[in-house]
């Protein structure tokens, strides 16, 4: 009996040791850094590394984000916009060490593709050459590590395939891009840049991509004048309050709108996104007969016919601002949001908006909405809903921030298009461009 007891004890100890070793191995796999893979000989990559920079962004003295960027012209660095969205200043240091420089200005940015062009002083380093060819799949890809002694680490992978992700056309790569390496140039074997490296969570799995060179070049071609970094967050409220009208150019005609000064945060946000070109080429992705049309989702820009869309905003939401006297009459412009059970503060989506085409209602229906939503319609509102129409069921729950001044018939036409089960039109209808008239 004693021997049997010792046998089971020994087996238990061996099993616990095996489990412990397995746990340690799994932990090591989860925390390990990517191993250096066979890559081409240096072939000048140490020289190319001089045009790559480590970037740290700050809000005052508080550090916000760390990433990378690289020279695309002698005075222009491309980097991830997400590093700078809340930053008041930034510093950059050459990848392999050297003098630290403060970044104070930017040229422009592309929020959807997560790109920003930063202004820097004339550099002795040469801008990196960009790979503009379209046949990238299967190419060997190289990411630079920080120099160790005289050795320039090169991490080798490959370009897997083209992929559309949340409104962006990207290239999937096998190289691992760590959090502090977002923005690194992804090279091909001849030393030209395929694009800017990023990582994304896709279906609960971390995947790695490069923003292609053509998106970077498109931004460089629209570079414009340099502006202070603080302007990314600031709004010219006085100027925005004097906007005459905003033109929404659609595939089926123009809709002219005005934004209310009573909801300044929504007005300033809409104008900011319009000036960025954020809305250009997005789908009108939701159409409901007798209610209205909805657009402004970033994931619709390159969406395929079977894609589920309407979930990607600019990366932030806006506090609700429900103002007495601003209601969902026909032609009203409002901001959608997630349901109350997932959004108890009723914060609005940062970019999407709807235009109410609506229908006419009778008093009994309006009485039901008052009871259900805990609101009281004024005599004027009742008269408008009975004679002109609108969407009274949303009053008191959703922010209204503007109205149509001309072209409501264009919204009417779009609202009658056949749709799928998710209310997406069977025919792609685009918001081609948004123009601001001061």
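The values are calculated or read from the model by the stated rules, or taken from the named source; none is laboratory data. This structure is a prediction, so every number in the text was calculated from the model and none was measured. When we count neighbours, we look across all protein chains shown, and the Cβ atoms used for this are built from the backbone with ideal geometry, even at glycine.
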Restricting attention to the stretch 369-382, does a residue exist that is without any contact (Cβ under 8 Å) to a residue 24 or more places away in the chain and touching a strand residue (DSSP E or B) at 6+ places or on another chain (Cβ under 8 Å)?
no
Of the residues that sit in the stretch 275-290 and are crowded, with 20+ Cβ neighbours inside 10 Å and in contact with a strand residue (DSSP E or B) (Cβ under 7 Å, 6 or more places away or on another chain), which one is farthest from residue 313 (Cα to Cα)?
287
Could you tell me whether the stretch 355-367 includes any residue that is closer than 18 Å to residue 266 by Cα and surrounded by 13 or more Cβ atoms within 10 Å (Cβ to Cβ)?
yes
Count of the stretch 374-385 residues which are surrounded by 15 or more Cβ atoms within 10 Å (Cβ to Cβ) and in contact with a helix residue (DSSP H, G or I) (Cβ under 8 Å, 6 or more places away or on another chain)
5
Single residue of 256, 235 found to be closer than 24 Å to residue 322 by Cα, surrounded by fewer than 21 Cβ atoms within 10 Å (Cβ to Cβ) and in contact (Cβ under 8 Å) with a residue 60 or more places away in the chain
256
As an exercise: evaluate residue 197 against (1) in contact (Cβ under 8 Å) with a residue 24 or more places away in the chain; (2) surrounded by fewer than 17 Cβ atoms within 10 Å (Cβ to Cβ); (3) touching a helix residue (DSSP H, G or I) at 6+ places or on another chain (Cβ under 8 Å) and give the number of the one condition it does not meet.
(2)
Residue count, the stretch 259-271, condition under 22 Å from the mean Cα position of the chain (by Cα) and surrounded by fewer than 16 Cβ atoms within 10 Å (Cβ to Cβ), comes to 1
Checking residue 313 against (1) touching a strand residue (DSSP E or B) at 6+ places or on another chain (Cβ under 8 Å); (2) within 25 Å of residue 254 (Cα to Cα); (3) touching a residue at least 40 places away in the same chain (Cβ under 8 Å), which test does it fail?
(3)
Looking at the structure I just gave you, is residue 54 in contact with a helix residue (DSSP H, G or I) (Cβ under 6 Å, 6 or more places away or on another chain), surrounded by 14 or more Cβ atoms within 10 Å (Cβ to Cβ), under 16 Å from residue 180 (Cα atoms) and modelled with pLDDT of 95 or more?
no
Of the candidates 169, 227, the one satisfying the condition of being more than 23 Å from residue 120 (Cα to Cα) and surrounded by fewer than 20 Cβ atoms within 10 Å (Cβ to Cβ) is 169
Residue 178 passes all but one of the listed conditions (1) touching a residue at least 24 places away in the same chain (Cβ under 8 Å); (2) out of contact with any strand residue (DSSP E or B) (no Cβ under 7 Å at 6 or more places or on another chain); (3) over 20 Å from residue 83 (Cβ atoms); the exception is number (3)
So which of 234, 281, 242 is out of contact with any helix residue (DSSP H, G or I) (no Cβ under 6 Å at 6 or more places or on another chain) and within 19 Å of residue 107 (Cα to Cα)?
234
The lone exception for residue 149 - which of (1) surrounded by fewer than 23 Cβ atoms within 10 Å (Cβ to Cβ); (2) closer than 30 Å to residue 296 by Cβ it fails
(2)
Looking only at the stretch 182-209, and only at residues there that are outside any strand (DSSP E or B) and within 24 Å of residue 298 (Cβ to Cβ), the one that is modelled with the lowest pLDDT:
203
From the list 160, 128, 171, exactly one residue is in a loop (DSSP other than H, G, I, E, B), at pLDDT 95 or above and either touching a helix residue (DSSP H, G or I) at 6+ places or on another chain (Cβ under 9 Å) or not assigned by TED's automatic domain parsing to the domain that holds residue 310 (or both). Which is it?
128
